[in-house]
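J.: Structure provided below as structure tokens; questions to follow.
The values are calculated or read from the model by the stated rules, or taken from the named source; none is laboratory data. Note that the structure is a prediction, hence the values are computed from the model and not measured. Virtual Cβ from ideal backbone geometry, glycine too; neighbours counted across all protein chains shown.
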Amino acid sequence: MPLTSETKASYEVVLRDLENERSEAQEQIAALQARLKELHNSISTLTKRLNPDASASSSTTPSSQSSKKYACMSVRWAILDLLADSEPKTTAEIADALSTAGVQTQAANFANNVSAVLSSTMKERPHFEVRQLEDGRWQLTEKGKSAADHIRTLPRFQAAMRGVRTFARF
């Protein structure tokens, strides 16, 4: 049934309102992410000043290596591994966890990068690896759980978890 001009006009008003609300939310998120980054940098700087020897020796400790376990891995594989062992997470929680675990990015806003991977690469064909819950959090589908199980058996994944870079990102 075709839309009447009145119904179409109403939808357009609602659409503009939702787009404006989304823009405002994105601005708030960007500001909070910038503040989080400032806090992280301040904490890191103060920690190094309090204990300058810790930063030099911590780079060789096992806990430091495990905290950077995704440093040599693609965002998609890191998300699969992360969500396979956790409760559903928001995009921001996933981005923060991946950053903390060493995923390297040139993106100005890493959460936007993670969102793109989740909503296009992983949610759509051919993967169907994640689904977004009503509250906005992401979880693996059965296909995603199978993919996580599979990649964990691959030599490239195991090498990446040990911090060995392969010739290409995967």
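J.: Within segment 70-109, which residues are charged (D, E, K, R) and crowded, with 17+ Cβ neighbours inside 10 Å? So that I can check it myself, show each step before the final result.
T.: Filtering segment 70-109 for residues charged (D, E, K, R) gives 76, 81, 85, 87, 89, 93, 96.
Scanning segment 70-109 gives R76, D81, K89, E93, D96.
J.: Only one of these conditions is not met by E142: (1) closer than 24 Å to L32 by Cβ; (2) out of contact with any strand residue (DSSP E or B) (no Cβ under 6 Å at 6 or more places or on another chain). Which number is it?
T.: Checking E142 against (1) closer than 24 Å to L32 by Cβ; (2) out of contact with any strand residue (DSSP E or B) (no Cβ under 6 Å at 6 or more places or on another chain), the one that fails is (1).
J.: Mind listing just one residue for me: the one in segment 140-163 that is modelled with pLDDT under 90 and exposed (fewer than 11 other Cβ atoms within 10 Å of the Cβ) and, of those, farthest from H127 (Cα to Cα)?
T.: Checking each candidate, the answer is R162.
J.: Only residues in segment 129-157 that are assigned by TED's automatic domain parsing to the domain that holds A84 and at positive phi count as the first member; pair them with residues that are crowded, with 20+ Cβ neighbours inside 10 Å and among the aromatic types (F, W, Y), Cβ under 7 angstrom, at least 6 apart or cross-chain, and list the lot.
T.: none
J.: Would segment 108-124 turn up any residue that is over 23 Å from A25 (Cα atoms), more than 11 Å from the chain's Cα centre (by Cα) and not in a loop (DSSP other than H, G, I, E, B)? Let's see the steps before the verdict.
T.: First, the residues of segment 108-124 that are over 23 Å from A25 (Cα atoms): 121-122, 124.
Now drop any that are not more than 11 Å from the chain's Cα centre (by Cα), which leaves 121-122, 124.
Still in the list and also not in a loop (DSSP other than H, G, I, E, B): 121-122.
Among the residues of segment 108-124, at least one is over 23 Å from A25 (Cα atoms), more than 11 Å from the chain's Cα centre (by Cα) and not in a loop (DSSP other than H, G, I, E, B), which makes the answer yes.
J.: Would you mind stating whether E21 is surrounded by 10 or more Cβ atoms within 10 Å (Cβ to Cβ) and either within 21 Å of the chain's Cα centre (by Cα) or modelled with pLDDT under 80 (or both)? Break it down into steps so the answer makes sense when it comes.
T.: Numbers: surrounded by 10 or more Cβ atoms within 10 Å (Cβ to Cβ): yes; either within 21 Å of the chain's Cα centre (by Cα) or modelled with pLDDT under 80 (or both): no.
No: the conditions fail for E21.
J.: Still on this model: What residue, of K69, K48, K8, is part of a helix (DSSP H, G or I) and at pLDDT below 90?
T.: On the way: K69 fails: part of a helix (DSSP H, G or I); K8 fails: at pLDDT below 90.
Of the residues listed, the single one that is part of a helix (DSSP H, G or I) and at pLDDT below 90 is K48.
J.: Return yes when E87 is in a loop (DSSP other than H, G, I, E, B), under 28 Å from I29 (Cα atoms), of a type in the set (D, E) and not assigned by TED's automatic domain parsing to the domain that holds H40 and no when it is not. Can you show your working first?
T.: Working: in a loop (DSSP other than H, G, I, E, B): yes; under 28 Å from I29 (Cα atoms): yes; of a type in the set (D, E): yes; not assigned by TED's automatic domain parsing to the domain that holds H40: yes.
Taking the combined requirement at face value, the residue satisfies it.
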